[in-house]
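Notes to accompany the following structure.
The values are calculated or read from the model by the stated rules, or taken from the named source; none is laboratory data. Keep in mind it's a predicted model, so treat the numbers as computed, not measured. Neighbour counts are summed over all protein chains in view; Cβ atoms, including those assigned to glycine, are modelled from backbone coordinates with ideal geometry. Protein only, heavy atoms only, side chains kept; ligands, DNA and RNA dropped before computing areas. Shrake-Rupley method; radii C 1.70, N 1.55, O 1.52, S 1.80 Å.
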Amino acid sequence: MKKFCIAVLILLASTGPLMAQSSVRVVNNNAFGYGEKISYTIKYNLYFNMDVGQVDFTIDDKPEVVAGNNCFHITGKGKTFSFYDHFYKVRDNYETYLECNSLLPLLFIRNVNEGKFSFDEYVLFNHNLGIAKSKKKTKHVPKLTEDVLSSIYLARTFDYANAKLGQSYTMNTYIDDSAYKVGVKYVGKEVLKTSLGKVSCIKLKPILIVDRLFKSQDDMTLWVTDDENHIPVRIESGISVGKIVADLSSYSGLKNPMTALK
């Protein structure tokens, strides 16, 4: 941790001053706030569903200050259940420090441990200069660039109430030292049966990086609550054999009442 803090201080000094990010843009955020926690059960579906792990997304109870900016400190942690650790152990940790007014990330941290593969990454963003700096390199990126975790929370603030079928919402997202245009496409509404009950959902198709992470634009489907929270309820992703499903299992600290739950 000491080495990490020293590295961040060096990055802060070498990328120039970080002005208030609300000078870049201001986002009307009615979707989430401090103290929110949402959890998912990860299922592998071949001929039937097997619960293989869980993912937890947490927002700290109060703001963290990064370079003079109040930030949401958001953490995403994924792990396999102990039984499946013998086959393929996963312990992944993602963190973003998201400036409260602009919803732009200032610092992104990723610690990946999957099977025998592991690596650590951090990226510092200067949106005024359009720079993303990691341990490996410094790159010029579009000024409104998100990281892979902050992009999920920005997408929750989009206005789907007035969306038309096929309408797309896009953003620039920094993935593995490059910025890509990703987002979601509105494809309608649907009521899902879940372990929590019936949930009225907005159905979306993520706009993916074809030929890099996914083979087709149809490889993933996303359902979010049809209320102001826009919490992801279910994510389905096809893989070479079967599919992976993430189902909402619990939530607390929501900014708005969960009116989508029937």
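Quick notes on this one:
- Counting only strands (runs of 3 or more DSSP E) that sit wholly inside the stretch 122-167, those with at least 2 residues that are open to solvent by less than 30 Å² (accessible area, probe 1.4 Å) are 131-134, 145-147.
- Selection from the stretch 110-144 of residues that are in contact (Cβ under 8 Å) with a residue 40 or more places away in the chain and either closer than 21 Å to F57 by Cβ or among the aliphatic types (A, V, I, L, M) (or both): Y122, V123, L124, F125, L129, I131, A132, L144
- Just one of the numbered conditions (1) modelled with pLDDT of 90 or more; (2) under 26 Å from L204 (Cα atoms) is not true of K143: (1).
- Counted residues, the stretch 63-116 - those being touching a Phe, Trp or Tyr at 6+ places or on another chain (Cβ under 8 Å), farther than 22 Å from S178 by Cβ and among the aromatic types (F, W, Y): 1
- Pairs where the first residue, in the stretch 80-99, is farther than 16 Å from V112 by Cβ and touching a residue at least 24 places away in the same chain (Cβ under 8 Å) and the second is open to solvent by less than 40 Å² (accessible area, probe 1.4 Å) and polar (S, T, N, Q), C-beta under 8 Å, 6+ apart: L98/S150; E99/Q21; E99/N69
- Residues within the stretch 152-179 that are on the phi > 0 side of the Ramachandran plot and among the acidic types (D, E), tallied: 2
- Near pairs, Cβ below 8 angstrom, 6+ apart or cross-chain, from the stretch 223-246 (closer than 17 Å to G78 by Cα and open to solvent by less than 50 Å² (accessible area, probe 1.4 Å)) to any residue that is assigned to a loop (DSSP other than H, G, I, E, B) and at pLDDT below 95: S237/D219
- Residue in the stretch 225-237 that is modelled with pLDDT of 95 or more, acidic (D, E) and in contact with a Ser or Thr (Cβ under 7 Å, 6 or more places away or on another chain) present: yes
- Number of positions in the stretch 168-199 that are hydroxyl-bearing (S, T, Y), in contact with a Ser or Thr (Cβ under 8 Å, 6 or more places away or on another chain) and open to solvent by 70 Å² or more (accessible area, probe 1.4 Å): 1
- Residues satisfying the stated conditions in the stretch 71-96, i.e. under 16 Å from E36 (Cβ atoms) and more than 12 Å from the chain's Cα centre (by Cα): C71, F72, H73
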